[in-house]
Structure formats: C-alpha cells, structure tokens
1. Taking the Cβ of H8 as the centre, find all other residues whose Cβ is under 14 Å away and add up their charges (Lys, Arg: +1; Asp, Glu: -1).
2. Enter the mean projected area of the convex hull around the alpha-carbon atoms of region 75-114, in nm², rounded to one decimal.
3. Straight-line reach from K38: which lysines fall under 20 Å, measuring Cα to Cα and dropping same-chain residues less than 8 apart?
4. Could you work out the mean projected area of the convex hull around the alpha carbons of region 1-57, in square nanometres to one decimal?
5. Per 0.36 nm of contour for each residue apart, how much would the distance between E145 and S113 grow if the chain were fully extended, relative to their Cα-Cα spacing?
Amino acid sequence: MSKTAANHAALSRALGVSRQSVWNWRNDARISPHLPGKGPNGHDVEQWRRVMLRFNLRDCRADIPGPDGKSLNDYRCELLAEKVRRLKVENDIASRKAVLVADLERHLGTLLSAIMQIAEALPDRIAPMIQGLTDRNEIARIIREELNAMLGPLEIANFDKAVETMPE
C-alpha cells in the first residue's frame, strides 16, 4: 500500500518540499498534466515522487528508497561516516597512536626469530655462570640479569636493530 497525504501541506511534507513548490508544479503547464489526481485516500506520494523524478524536480532521487530499502541520502550518510572513519585512522597513524597491520607483520617475523635465538642461546650462555653455585637467589639473579641483557634490545621496539645487536 502506497503512502498517501490527505492534503497539499501533508504532501509537501512527505515529499520534502515546500507547499509553494507543490503549488508551482500544479500551475506549471508542462508538469501539471502529468501530476496524479487526489484519490479516495488522498494524494499518492509515490506517484508524485515519480513525477518529480521524471521532471527532475528538487533532488527527488535522494529520498526514494532503492531495492535494498536505502535511499540516496542513506548512502550519502554512510559514505560520509566512512570518510570520517578513514580520516580518523589516517590521523591516528600520522600521530603514531595507531600502526598499520602490514607494518606490524613485517617486523613480527623478525621479533619471533630474535626471541627464538635468545631462547636457544640462553642455556649455553648461562650454564658456565651458574656452574657450581648452590644459592638459588644468586642463580636467579644471574639468570634475570642475562635475560634482561639479551631481551634489552627488543624493548626499544626497533626489531631490525634488535636482531643486528643480538648476541650469537
């Protein structure tokens, strides 16, 4: 069932135009013969929109819903929201509040490789230092210091430098 308007004031509100516009169209010799008459339930808004579209009267396409139920105005709002979202992300990247996933992925392999090297080198590096020690606190201190020394370059988040300065 099509939406109807009881009078020209309601019709103009439904069409998103002024009452003066509806009056002008009714008195325009090239448009008025194509305007639908008032039916028993009132003015058929969709028929009036079709006439608006045919004669390109006031960006009428903006309010007409498409097959998916969204109007041109809906798409314009979504597009604007997407532009704002993208600008926010670009600003966050520029201000270093955010990073691109590609930038993280590039260094992730290097980071994992560096951690694996640390894990593999740790026993050989620490064994001679703790050999013969019996004090658990002293052993823990030595291990902690060596781990900190080996992991230190990774803390600056410069993974390339961390790999270059990694002890063999």
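Please treat every number below as a calculation from the coordinates, not as lab data. Only a predicted model underlies this, so the values are computations on that prediction, with no experimental measurement involved. Here the Cβ is made from the backbone with ideal geometry for all residues, glycine too, and neighbour counts use every protein chain on show.
1. Residues near H8 contribute +3 overall.
2. 3.5
3. Excluding near neighbours in sequence, the set is K3.
4. One quarter of the hull surface, i.e. the mean projection, equals 3.5 nm².
5. 9.4 nm
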